[in-house]
Amino acid sequence: MKLYNVLSIGLIAAAAVNAYTFERLEKNNTVLLVVDHQVGLTQLVRDFTPTEFRNNVLAHAALGNLFSLPTILTTSAETGPNGPLPREIIEMHPRAPYIRRNGEVNAWDNPEFRAAVEATGKQQVVLAGIVTEVCTAFLALSLREAGYSVWANTDASGTFTPILAEDANRRMEQAGVHLMGMFAIAMDLMRDWRNTPGTAEVLPFLDQYLPAYGVTARAHGGAVENGTLVPGEAELI
């Protein structure tokens, strides 16, 4: 009986793996949502340092221009303590729909916001917000229920504690939301360094928002420009 159970579990697991389909982001079928990245709410974020999170939020918004994604901005009660969106985000997207919600906690409950998303005709959604378990998760779950494929940018969603982020991410993942950071999202949208946007456009973006990769590119560029190797370096290549 025990052997039978073990074999059954193994077959079920194998079937689940075989049934898996790798869903990839398609830049021509993707809309970017900037959700409640408000200056007042930013002060609630404790699972990132202020410097890290500001950078991550701006990087999230910049994905829209890098990959020519339709982008929608939304805020919740911005005339109160939640505050406005950072000026840098508004300046990045001067012609984007900017939905100022006066009461709805879940952005999907706002008819104007929902209509703006639907008007894009896109079926894949990349989003991030403050706080993770409310602004990001509520919207992500609603979008899944409405039939969209959803990618939550975990770099640009922040909350009070790491455990709350873990709980929210687990809840979204169970609903089929893809959890990815900015670099993975950018790479999936780009697909190939030879594409457009590709090396010429993406490397400057990464240099600005992911300095670790920017330094790698700068080091390579410096080595090529200098045209020299120090003793022992050739053996490392």
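Ordered by packing density, taken as the mean number of other Cβ atoms within 10 Å over each peptide's residues, highest first, how do 146-155, 184-193, 212-221 rank?
Going by the mean number of other Cβ atoms within 10 Å, highest first, we get 146-155, 184-193, 212-221.
Given a cut-off of under 8 Å on Cα pairs at least six residues apart, what relative contact order in percent is computed for the stretch 30-190?
29 percent
Write down the Å³ per residue value for the convex hull defined by the alpha carbon atoms of the chain.
On the way: hull volume 45.7 nm³, N = 237.
Measuring per residue, one finds 193 Å³ for the Cα hull of the chain.
Under a GNM of the chain (C-alpha, springs under 10 Å), which listed residue has the highest mean-square fluctuation: 21, 42, 75?
Top of the fluctuation ranking is 21.
Using the Karplus equation 6.51 cos²θ - 1.76 cosθ + 1.60 (θ = phi - 60°), what ³J(HN,Hα) coupling, rounded to whole Hz, does each residue of the stretch 213-223 give in order, writing x for Gly and Pro?
Going residue by residue, I get 6, x, 5, 4, 5, 5, 5, 5, x, x, 5 Hz, with x marking Gly and Pro.
Tabulate in residue order the Karplus-calculated ³J(HN,Hα) for the stretch 173-188, using 6.51 cos²θ - 1.76 cosθ + 1.60 with θ = phi - 60°, rounded to whole Hz; enter x for Gly and Pro.
For the stretch 173-188, the Karplus curve yields 4, 5, 8, x, 6, 7, 9, 8, x, 4, 4, 5, 4, 4, 5, 5 Hz.
Roughly how many nanometres apart are two label points built 7 Å out from the Cα toward the Cβ at residue 216 and residue 79?
Placing both labels 7 Å along Cα→Cβ, they lie 4.8 nm apart.
Once the dipole of the chain is set up with Lys and Arg at +1 and Asp and Glu at -1 on Cβ about the Cα centre, which of 204, 111, 185 lies farthest towards its positive end?
Highest projection toward the positive end goes to 111.
Please name whichever of 236, 159, 226 sits farthest to the positive end of the charge dipole of the stretch 101-237, dipole taken about the Cα centre and charges placed at Cβ: Lys and Arg +1, Asp and Glu -1.
Of 236, 159, 226, it is 159.
With label points built 7 Å along Cα→Cβ from the Cα atoms of residue 109 and residue 20, find their separation and express it in nm.
3.6 nm
How large is ³J(HN,Hα), in whole Hz, for each residue of the stretch 165-172 in order, when computed from phi with the Karplus curve 6.51 cos²θ - 1.76 cosθ + 1.60 and θ = phi - 60°, using x for Gly and Pro?
4, 4, 4, 5, 5, 5, 4, 5
For the stretch 30-190, with only Lys/Arg (+1) and Asp/Glu (-1) charged at the beta-carbon, what is the dipole magnitude about the Cα centre, in debye rounded to 20?
In debye, rounded to 20, the stretch 30-190 gives about 240.
Quick check: net charge around residue 161, other residues with Cβ under 11 Å of its Cβ, Lys/Arg +1 and Asp/Glu -1?
-3
At most 15 other Cβ atoms within 10 Å and a DSSP loop assignment: could you name the GluC sites (Glu not before Pro) in the stretch 171-237 that fit?
Filter output for the stretch 171-237: 233.
Given a 1.4 Å probe and every protein chain left where it sits, what share in percent of the accessible area of the stretch 26-175 is carbon and sulfur?
50 percent
Using a 1.4 Å probe, what is the accessible area per residue for the stretch 30-190, in Å²?
Values: 6620 Å² over 161 residues.
Result: 41 Å² of accessible area for each residue.
The values are calculated or read from the model by the stated rules, or taken from the named source; none is laboratory data. In this text the structure is predicted, and so the values were computed from the model without any measurement. As a convention, Cβ positions derive from the backbone with ideal geometry for all residues, glycine included, and neighbour counts pool all protein chains shown. Side chains are part of the model used for accessible areas, which takes the heavy atoms of the whole protein and leaves out ligands, DNA and RNA. Shrake-Rupley method; radii C 1.70, N 1.55, O 1.52, S 1.80 Å.
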